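Below you'll find the structure, written out as structure tokens, and then a few comments.
The values are calculated or read from the model by the stated rules, or taken from the named source; none is laboratory data. Note that this is a predicted model, so its numbers are computed, not measured. Here Cβ is always computed from backbone atoms with ideal geometry, including for glycine, and neighbour counts include all displayed protein chains. With ligands, DNA and RNA removed, areas are computed over all heavy atoms of the protein, side chains included. Shrake-Rupley method; radii C 1.70, N 1.55, O 1.52, S 1.80 Å.
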Amino acid sequence: QVQLVESGGGLVEVGGSLRLSCAASGYIFSLYNLNWYRQVPGKQRELVATITNGGRTNYADSVKGRFTISRHNAKNMAYLQMNSLKPEDTAVYYCNAPKGIQNYWGQGTQVTVSS
């Protein structure tokens, strides 16, 4: 079955960097888009970045110029490089794989940016 496993979260100071990873399995990773979302308690899950199966990227305005999404199809991996982190980036980050009518999620990884 489809599995997505995030890693790389943690505690970082303002202005620091983190790299999140998403390990995908159970489907042909290279054929589908991959999204990173984030969620703060009490708020809706927010789309942060998208990478298409062709490698095109799109970002939320709040992270443009600071975050970079990438993928390595041969390794079934996706990444989110986060630079110049701000306290408002604190959230649980999820990778998401929309696959036809199904929508798959990882368990999330906590990112905390301390001031």
Ratio Rg/Rh [Cα only; Rh per Kirkwood] for segment 51-115: 0.98
Solvent-accessible surface ranking, highest first, for Thr109, Thr90 at 1.4 angstrom: Thr90, Thr109
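On average, how much accessible surface per residue is there in segment 72-115, in Å², for a 1.4 Å probe, leaving out ligands, DNA and RNA?
50
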Listed residues Thr109, Gly16, Leu4: farthest to the positive end of the dipole of the chain (Cβ charges): Leu4
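Beyond 17 Å, what share of the Cα-Cα pairs of segment 27-77 remains, rounded to the nearest whole percent?
So the portion of pairs separated by more than 17 Å is 41 percent.
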Rounded to the nearest 20 debye, dipole of the chain from Cβ charges on Lys, Arg, Asp, Glu: 260
Whole-percent carbon and sulfur share, accessible surface of the chain, 1.4 Å: 47
Segments 21-27, 68-74 sorted - mean Cβ within 10 Å per residue, highest first: 21-27, 68-74
Largest-first principal axis extents, alpha carbons of segment 1-64, Å: 37, 25, 23
The chain, relative contact order [Cα under 8 Å, separation at least 6], %: 36
Average projection area in nm² (convex hull over Cα atoms of the chain, one quarter of hull surface): 6.8
